[in-house]
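Asks: Have a look at this one.
The values are calculated or read from the model by the stated rules, or taken from the named source; none is laboratory data. What you see is a predicted model, and the numbers here were worked out from it, not measured in a lab. Here the Cβ positions follow ideal geometry from the backbone for every residue, glycine too, while neighbour counts run over all protein chains shown. Just so you know, the surface numbers come from the protein's heavy atoms only, side chains and all, with ligands and any DNA or RNA stripped out. Shrake-Rupley method; radii C 1.70, N 1.55, O 1.52, S 1.80 Å.
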Amino acid sequence: MRLHLASLAAALLLIPAPALAEQIAPAALAAPPAGCGFQNLGTMPLVGATTAGTALDARHPDGPRVYSVTSSASGPALLGIRNALDGTLIAERPLPLALGSWAVTVAPDHSVYVGSYNATVGAMGRLFRYVPGTDQVIEAGIAVPGETFVWTVEASRDGRFVYGGTSPTGKLFRYDVASGQTTDLGSPIPGQQFVRDLATSDDGTLYVGTGSQAMKIAVVGPDGVTKKIIDAPIKGAGYAYDLDVAGRYLLVRFVTTTATNPMGIYDLKKGRWTHVIDDVDSLTVGGGVRGHDAYLFQNDELVKVDLKKGRVKKLGFTDFGDGAARTLGWVGRTLVGTASTGKLWTYDLKRGKAATFESTLNGQPVSVRSMGVGPDGRVYGGGFFTGGLAAYDTATGQSQFWPNVGQSEGIVTHKGKLYLGVYPGARIYEFDGTEPKLLLSLTEQEQDRPFAMVSAGDLLAFGTVPKTGAAGGALGLYDPATGNTVIRRNIIPNHSIVGLAYRDGVVYGATSAFGGLGRPLDTAAYVFAYDIATDTVKWKTAPVPGDLALGSITFDETGHLWGMTPDAVFEMDPATGQTLRTAKHQEYPWAAQTQVWQDTNIEVHAGAIWAKAQGKVYKVDRTTLAFSLIARPISLMVKAPDGHLYLSRNENFHTYRICGS
């Protein structure tokens, strides 16, 4: 089974978990050192070649080229240049201050334009130009100040301009090739967070796909003025995700919160939608257009779609390389495409034969997305984007790496087994060290990210964040012995569940008022107590008034419940829900936030509270609630059975040795 890159909120979508080839890590991390305090252990062995942004130059004077950007945990991303017909690597060039890209296009003069993403202050979403004749990458600067992500770039057909779309405020920009100047053209549909894709026509008209709610297409003149808005031919929320103009037709693939991805065919001359093709998988819909037919992927198989009649013909090609397929275009009668795993494939139209080539791109470090302790006592780290799973032995420093595991948002041990909460679709896997076993998926419940997981007696409990464009997370209970599952969507209306703890038959949850809509749906976040036996919420309370998201929660040895938010620590009586104490550790700009889910960790150990928030790790005095900063910048923190903390930031792995533990 394959799952596809479908929708993104803070990040991107990722790879499935097919047959697994376990590998020893490329290099052993350092063994845990003696002594106290912060120590560097090296780089977590998570690597991959994620290539969301890719384009074809079929008429390059030195032969057809495929340009792909390989993402990197801490940068720079690399622009890979390959032979389009056999995947041979020609060169790789760094893109300074870019972590990756979804946006690559080739202009008529063979220049390659790349729009990047980078959430680092001062880096933001940048535009790059690669000139093949000089083999140089030219940085064109930040596309739109304040925008962190350039989702799409498209060269005008006369080559004078390059247009791009951004998030988080859905801006359109224009780059003048002659002058090198970039102009912010504003939001073509105000209120939409994303300009997800662009298509151009011969007369310079732009078709702008937006989301994450309305899925509308703006028809924009070369001057940036919106002339018309085309409503989607389907109902629901999501994105107008992939667009292309093919003759008289506008093709739009819609990605919805219900995980259906239909493609609409819009007749530009008649001004109406003529057909809707069910569940299109491929990341492009026009890259495979030839005559009146479009070649794209449906249910993991290459198909031919008659654009005039809407008929679909299966072609039998399924081995495109896992992840998400992208049809790029034609070299003669050969269709060229890629997979998001970096593989390249071709399909010979005349012979009906396909070939898939292993990626020749160099794998790049993958950020650690999640950490947890396994049943064997090792610290496990799940990878961002490309996914993968790594394990670190705290006694020996030895590590292992499994490449084909999806992006784990949560990792937990339950009843002697390791469980993974994987994005997208809020999939729950059991992992025995050889191959992940899919237990269930919450795609149909519009759920995406299972950050919160806890062992709850005989049950595995998990909490989720909904898909982009949807509201209302879920609390799930899974019984490994019977396979029985209970899902409680909207147990706290419109709230995501981002932290869980368990004690004596009760699951305690911490929420976020943010879901997938890009705005908070409440004025505070809650802690609640859910009684498993009676299937009821005993109480809920807002422990830190004004905080719109909480985070990790845990119990101390006295039975009190502790939690960490982006700006406070709190202590509660779990019997009544009464907040006993709170202490602010720093300020947080809640009014400016469009998305806050799970960004804290908390542990009670060695007579103190150890907590992480806003990239900082603190030791908190249990008596005074005074904070002492011990490490920064840090993204994740977990306490291992050896009594010490293990920390990560991007691909980097550290430990904090707690004296006297």
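Asks: Quick check on this structure: which one of Gly476, Gly469 is of a type outside the set (Phe, Trp, Tyr), open to solvent by less than 40 Å² (accessible area, probe 1.4 Å) and either closer than 24 Å to Gly607 by Cα or assigned to a loop (DSSP other than H, G, I, E, B) (or both)? Break it down into steps so the answer makes sense when it comes.
Replies: On the way: Gly476 fails: either closer than 24 Å to Gly607 by Cα or assigned to a loop (DSSP other than H, G, I, E, B) (or both).
Criteria check complete, one pass: Gly469.
Asks: Name the pairs: first residue in the range 60-85 and open to solvent by less than 20 Å² (accessible area, probe 1.4 Å), second residue among the small types (Gly, Ala, Ser) and outside any strand (DSSP E or B), Cβ to Cβ under 6 Å, at least 6 apart or on different chains?
Replies: Val66/Ala84; Val69/Gly53; Thr70/Ala49; Ala73/Ser367; Ala77/Ser71; Ala77/Ala98
Asks: To continue, here is another question. Give the residues of the range 103-117 that are open to solvent by 10 Å² or more (accessible area, probe 1.4 Å), part of a strand (DSSP E or B) and of a type outside the set (Val, Ile, Thr), sorted by residue number.
Replies: Tyr117
Asks: Still on this structure: Restricting to the range 189-214, count the residues that are modelled with pLDDT of 95 or more, surrounded by 24 or more Cβ atoms within 10 Å (Cβ to Cβ) and either basic (Lys, Arg) or in a loop (DSSP other than H, G, I, E, B) (or both).
Replies: 1
Asks: Got a sec? Which of Asp231, Asp267, Asp244, Asp184 is touching a Leu at 6+ places or on another chain (Cβ under 6 Å), acidic (Asp, Glu) and at pLDDT 95 or above?
Replies: The conditions single out Asp244.
Asks: Assess whether Ile492 counts as being assigned to a loop (DSSP other than H, G, I, E, B) and of a type in the set (Val, Ile, Thr).
Replies: Details: assigned to a loop (DSSP other than H, G, I, E, B): yes; of a type in the set (Val, Ile, Thr): yes.
Answer is yes for this residue.
Asks: Pairs only if they're at least six apart or on different chains, beta carbon under 6 angstrom, first in the range 303-328 and without any contact (Cβ under 8 Å) to a residue 12 or more places away in the chain, second surrounded by 15 or more Cβ atoms within 10 Å (Cβ to Cβ); list them, first residue then second.
Replies: Pairs that qualify, where the first residue is without any contact (Cβ under 8 Å) to a residue 12 or more places away in the chain and the partner is surrounded by 15 or more Cβ atoms within 10 Å (Cβ to Cβ), are Lys304/Asp293; Lys304/Tyr295; Lys313/Lys304.
Asks: Here's a follow-up. Which condition does Asn650 not pass, out of (1) polar (S, T, N, Q); (2) buried (at least 21 other Cβ atoms within 10 Å of the Cβ); (3) in contact with a Pro (Cβ under 8 Å, 6 or more places away or on another chain), if it passes all the others?
Replies: (2)
Asks: For residues in the range 579-638 being touching a residue at least 60 places away in the same chain (Cβ under 8 Å) and among the aliphatic types (A, V, I, L, M), which is nearest to Val498 (Cα to Cα)?
Replies: Val596
Asks: Restricting attention to the range 482-501, does a residue exist that is at pLDDT below 95, open to solvent by 10 Å² or more (accessible area, probe 1.4 Å) and either over 21 Å from the mean Cα position of the chain (by Cα) or among the hydrophobic types (A, V, I, L, M, F, W, C) (or both)? Outline the logic, then answer.
Replies: Here is the first cut: in the range 482-501, the residues at pLDDT below 95 are none.
No, the conditions are met nowhere in the range 482-501.
Asks: Considering only residues that are open to solvent by 50 Å² or more (accessible area, probe 1.4 Å), part of a strand (DSSP E or B) and within 12 Å of Val137 (Cβ to Cβ), which ones fall in the range 86-102? Spell out how you get there, then give the answer.
Replies: If we filter the range 86-102 for residues that are open to solvent by 50 Å² or more (accessible area, probe 1.4 Å), which is where we start, we get 86, 88-90, 93-94, 96-97.
Now drop any that are not part of a strand (DSSP E or B), which leaves 89-90, 93-94.
Within the range 86-102, Arg93, Pro94 qualify.
Asks: I'm told Gly133 meets every condition in (1) of a type outside the set (Ser, Thr, Tyr); (2) without any contact (Cβ under 8 Å) to a residue 40 or more places away in the chain; (3) under 29 Å from Val289 (Cβ atoms); (4) not in a loop (DSSP other than H, G, I, E, B) except one. Can you identify the failing condition by its number?
Replies: (4)
Asks: Condition first: of a type in the set (Asp, Glu) and at pLDDT below 95. Now tell me which residues in the range 582-639 satisfy that.
Replies: As a first pass, look at the range 582-639 and keep what is of a type in the set (Asp, Glu): 587, 599, 603, 621.
If the condition is that a residue be of a type in the set (Asp, Glu) and at pLDDT below 95, then Glu587, Asp599 are the ones that fit.
Asks: Having 3 or more residues that are under 33 Å from the mean Cα position of the chain (by Cα) and not hydrophobic (A, V, I, L, M, F, W, C) is the bar; report the strands (runs of 3 or more DSSP E) wholly within the range 572-632 that clear it.
Replies: Details: elements: 578-584, 600-605, 608-613, 616-621, 627-631.
Filter on the range 572-632 gives 600-605, 616-621.
Asks: Please return the ranges of strands (runs of 3 or more DSSP E) entirely within the range 387-451 where 2 or more residues are crowded, with 24+ Cβ neighbours inside 10 Å and under 15 Å from the mean Cα position of the chain (by Cα). Show your work before the answer.
Replies: Working: elements: 389-392, 399-402, 407-414, 417-423, 427-431, 436-441.
The qualifying strands (runs of 3 or more DSSP E) are 407-414, 417-423.
Asks: Can you tell me which residues in the range 505-556 are open to solvent by 10 Å² or more (accessible area, probe 1.4 Å), part of a strand (DSSP E or B) and among the polar types (S, T, N, Q)?
Replies: Across the range 505-556, the qualifying residues are Thr536, Thr541, Thr554.
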